[in-house]
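This report concerns only the one structure given below.
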Amino acid sequence: GSLYEYLCLAFGLCSAPRVFTKLLKPVVVFLRGRGIRLIIYLDDLLILNQSHDGLLLDQKVVIGLLEFLGFIINYEKSVIVPLQILEYLGTVINSLSLSNSLPSEKVKSIVKLCDDLISDKP
């Protein structure tokens, strides 16, 4: 009768993303209940606010709560400075023009692949 427990969630496990999402859901509900707008996909969070100062305050609350709950934030991979144009989940979100587009590198890559495909045609 020994009891073993995980000290961390291994993302190599097929159920890990679902478990992580389930763990984070009450936190997101709590934050949204306090008027903090955010978009979440697995461990990627995007905090939204109409003002720079409001965003800084929301960011402080979100980071403080997550760290208090034991989540480890990877600051090297995080964008901490409020931006109106940023890349999130592989797309460029522009709050100035209210648009969502592919990054220019991806567009160039797709165009090159199409050109290669057309040039290989007999």
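Rule-based calculations on the coordinates, nothing more; no lab input. All values derive from a computational prediction rather than experimental measurement. Glycine gets a Cβ as well: all are built from the backbone with ideal geometry, and neighbour counts include every protein chain shown.
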Q: Work out how much length V81 to I40 would gain on full extension: take 0.36 nm times their residue separation and subtract the Cα-Cα distance, in nm to one decimal.
A: 13.0 nm
Q: Would you calculate a helix-derived [θ] at 222 nm for the chain, using -39,500 (n - 2.57) for each DSSP H run of n ≥ 4 and dividing by the full residue count, to the nearest 500?
A: -14000 deg cm²/dmol
Q) Which of the trypsin sites (Lys or Arg not before Pro) across region 30-122 are loop residues per DSSP, with 16 or fewer other Cβ within 10 Å? A) R34, K77
Q. Over the chain, one equal point on each Cα, no solvent: what is log10 I(q)/I(0) by the Debye formula at q = 0.17, 0.19, 0.23 Å⁻¹?
A. -1.00, -1.15, -1.42
Q: Tell me the chymotrypsin sites (Phe, Trp or Tyr not before Pro) within region 1-107 that lie in a loop according to DSSP and have at most 14 other beta-carbon atoms within 10 Å.
A: Y4, Y6, F11, F71, Y75
Q.
My understanding is that a pair violates if its Cα-Cα distance is over 27 Å; which of K77/K108; K77/K112; K60/K106; K60/K108 do that in this structure?
A. K77/K112; K60/K106; K60/K108
Q: Only loop residues by DSSP count here, and only those with at most 13 other Cβ atoms within 10 Å; note down the GluC sites (Glu not before Pro) in region 64-122 that meet that.
A: E76
